[in-house]
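The values are calculated or read from the model by the stated rules, or taken from the named source; none is laboratory data. Here the structure is a predicted model, which means the values were calculated and not measured. Quick reminder, even Gly has a Cβ in these numbers, built from the backbone with ideal geometry, and neighbours come from all protein chains shown.
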Amino acid sequence: MTPLPTSPLSSAFQAQQQAYARERHPSLAQRLERLERLRQLLSEHEDALADAISADFGHRSRHETVIAEVFIVRAAIAHARRHLRRWMARRRVATAFHSLPAASWVQPQPLGVVGIVSPWNYPLQLALAPAVEALAAGNRVMIKPSELTPRFSDLLAELIGRRFAADECTVITGDAETAKAFVSLPFDHLLFTGSTAVGRQVALAAANHLTPVTLELGGKSPTIINPDADLQDAARKIAAGKLLNAGQTCIAPDYVLVPAELRDAFVDAYAAAARRLYPSLAGNPDYTSIVNERHHARLQGLLDEAQARGARLLPTHAGEAAQAGTRKMTPVVLLDVQDDMRVMQEEIFGPLLPVLAVRDLDAAIDYVNAHPRPLALYWFGRNPADRDRVLQQTLSGGVTVNDTLLHVAQDNLPFGGVGPSGQGAYHGRAGFDRLSHLRPVFSQSRFAGTRLLQPPYGALAKRVLGLLKRLV
């Protein structure tokens, strides 16, 4: 056990360490029962959780919470329960011919205590989806939700506390200082979702204990429109992905690269699609508010700076008056942006969409590759050869072709970033494996011939080694 100074946080961590020491390999039945408790929590308290999230945002679409948070976690639980027996089983692997007739296998084992730091933008999904896989892998779990969603965080702590013993799964609430102390604990694995800047600090804190980390970060996820794309279909899907949660999504389309001759037609189609999705904004229960005044001011600052430097701003709902106090921001298309504008340097995290005209597909690929590797990439078109060029010549965490966001909803696909957009991946089997120790086991046979290659070396060893060398 790692000795820590006494505090409520360290005491909670040490209780989980001790519980793991008592029960290092929970049975399939125990793990399934823990997942069932989590499912029941969601089923029984869906409305209360949605209300808490909406209160934290000022207004959060109930449908968005149910679809993008509750449903995603419930699907993850169902997927894990359906496959857990197979995931837990030892995995036979081939033994090298020179070691036959021995046997080899990989045995998944729980790591111990897993820490999860979740952000404010999808506070339920990004706290509980990793917890599903941590619990499925047999670990103890500690969750630190964002201080920017205090009503949800307090409710989650209460509900988890009713369903789980504190040494099974617990929620730690508190401010940024609490979060710093949390990520400094010697977890057996730490999963963080948030900004790249904070992710660097988390990695440094974890490095003090050589704690393995999964970092789900962000970045500017590009959308490439091929010349043969269906512009109306692409515009509708891009608008739906961009404006979900008012753009406060780590894999939201951040900017669009479109052939120059199609730019204006795409902009018109996008604005029309946004108006069809959200005929009004201020009183529309489907359209979500920006989470707080600071983030709203940051987004307005991006617009103001871009406009002052020559960008053209095209609101999709021109002429609609904002409703005072709601923090609902009108979607805006930005044209004629420059690469050194803040809106092209920072992850936007709001309903602002720069649209850049490019000469051809090569220019679009070059633009993506000249910037940090993003968490997601989107491509719209019909030509499989062009699609494959984009897939082969760019690098991103994940890709959705001819739609947006939906790769994150596939439990059989790993989800994660690359480079500054993250490290490591989870979801489904990938998450179970990430939060397990895949322990290699070699079991020697009593008929082993290894003694033929042991000292004292002589003519027999020389002949055996010569035979082996001809076989490799």
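The table that follows gives values for the structure above.
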| quantity | calculated |
| --- | --- |
| Hey, VAL368 in a helix (DSSP H, G or I), touching a strand residue (DSSP E or B) at 6+ places or on another chain (Cβ under 7 Å) and β-branched (Val, Ile, Thr) or not | yes |
| Single unsatisfied condition, ALA19 versus (1) within 26 Å of the chain's Cα centre (by Cα); (2) assigned to a helix (DSSP H, G or I) | (1) |
| Residue in segment 317-328 that is surrounded by fewer than 22 Cβ atoms within 10 Å (Cβ to Cβ) and within 22 Å of TYR378 (Cβ to Cβ) present | no |
| Some residue of segment 299-310 being among the acidic types (Asp, Glu), in contact (Cβ under 8 Å) with a residue 24 or more places away in the chain and more than 14 Å from PRO351 (Cα to Cα) | yes |
| Extreme residue, surrounded by the fewest Cβ atoms within 10 Å (Cβ to Cβ), among residues of segment 163-191 that are among the aromatic types (Phe, Trp, Tyr) and in a loop (DSSP other than H, G, I, E, B) | PHE164 |
| Every pair of residues 6+ apart whose Cβ atoms lie under 6 Å, when the first sits in segment 143-172 and is assigned by TED's automatic domain parsing to the domain that holds ASP51 and without any contact (Cβ under 8 Å) to a residue 60 or more places away in the chain while the second is of a type in the set (Gly, Ala, Ser) and in a loop (DSSP other than H, G, I, E, B) | PRO145/SER118 |
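To keep it simple, each residue is scored yes or no on (1) in the same structural domain as VAL358 (by TED's automatic domain parsing); (2) under 20 Å from TRP120 (Cα atoms); (3) out of contact with any helix residue (DSSP H, G or I) (no Cβ under 8 Å at 6 or more places or on another chain).
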| site | (1), (2), (3) |
| --- | --- |
| VAL267 | yes, no, yes |
| TYR270 | yes, no, no |
| ASP286 | yes, yes, no |
| ARG294 | yes, yes, yes |
| GLY310 | yes, no, yes |
| HIS317 | yes, no, no |
| PRO331 | yes, no, no |
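Rundown of residues vs (1) in the same structural domain as PHE97 (by TED's automatic domain parsing); (2) out of contact with any Gly (no Cβ under 6 Å at 6 or more places or on another chain), yes/no style:
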residue: LEU375; (1), (2): no, no
residue: LEU405; (1), (2): no, no
residue: GLY431; (1), (2): yes, yes
residue: SER443; (1), (2): no, yes
residue: PRO456; (1), (2): no, yes
